[in-house]
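Only one structure is covered here, and it is reproduced in the block below.
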Amino acid sequence: MLDSYLAELYQVETRALIQAVQRNRERFPKDFMFQMTKTELRNWRSQIVISNSTAKMGLRRPPYAFTGHGVAMLSSVLKSKRAVQMNILIIRAFLKLRELLNTHKDLARKLEDLEIVQRQHTSVINIVVDEIESLKQLPETPKRRIGFTEESPTPLQ
């Protein structure tokens, strides 16, 4: 998320948000936050048609972009009431996510067990199919006819 959107979300000015980040730089490694390059900003502006530098969204400097971890860290360095509320919500969301993952671990384990059984059944079925195919390839032996033939003696003689 961009710094201006986060400032609006946390109900602080964008410059206050950036100042909090600058004062706590060690809390924002590159995988938490980065600043757009001038080229990226120029390309971004051309895509969303932002040209008026005096308008609310007009940008004179490349904005900062925050990842999910950066947003969580940002909520812990800002001093507004809204930031505290957001920090609590983020922590609760992570706890709920962890709870859901633990629930789904049981389902994942059951699926894994089913896959193992399915592989075993597949190998047994393949063996049975191979045996049937090998039986088809056996040469046929002439069958003895059942019943009376002209050469067989009659029971009364």
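Odds and ends about this structure:
- Residues located in region 77-131, provided they are open to solvent by 80 Å² or more (accessible area, probe 1.4 Å) and not in a helix (DSSP H, G or I): 79
- Test: residue in region 48-59 that is assigned to a helix (DSSP H, G or I), of a type outside the set (Lys, Arg) and at pLDDT below 70: yes
- For region 82-97, the criterion of being under 30 Å from residue 15 (Cα atoms), touching a residue at least 12 places away in the same chain (Cβ under 8 Å) and of a type in the set (Lys, Arg) is satisfied by at least one residue.
The values are calculated or read from the model by the stated rules, or taken from the named source; none is laboratory data. Note that the structure is predicted; figures quoted are calculated from it, not measured. Reconstructed Cβ throughout: ideal geometry from the backbone, glycine too, with neighbour counts over all protein chains shown. Quick note on the areas: whole protein, heavy atoms, side chains included, nothing else; ligands and nucleic acids left out. Shrake-Rupley method; radii C 1.70, N 1.55, O 1.52, S 1.80 Å.
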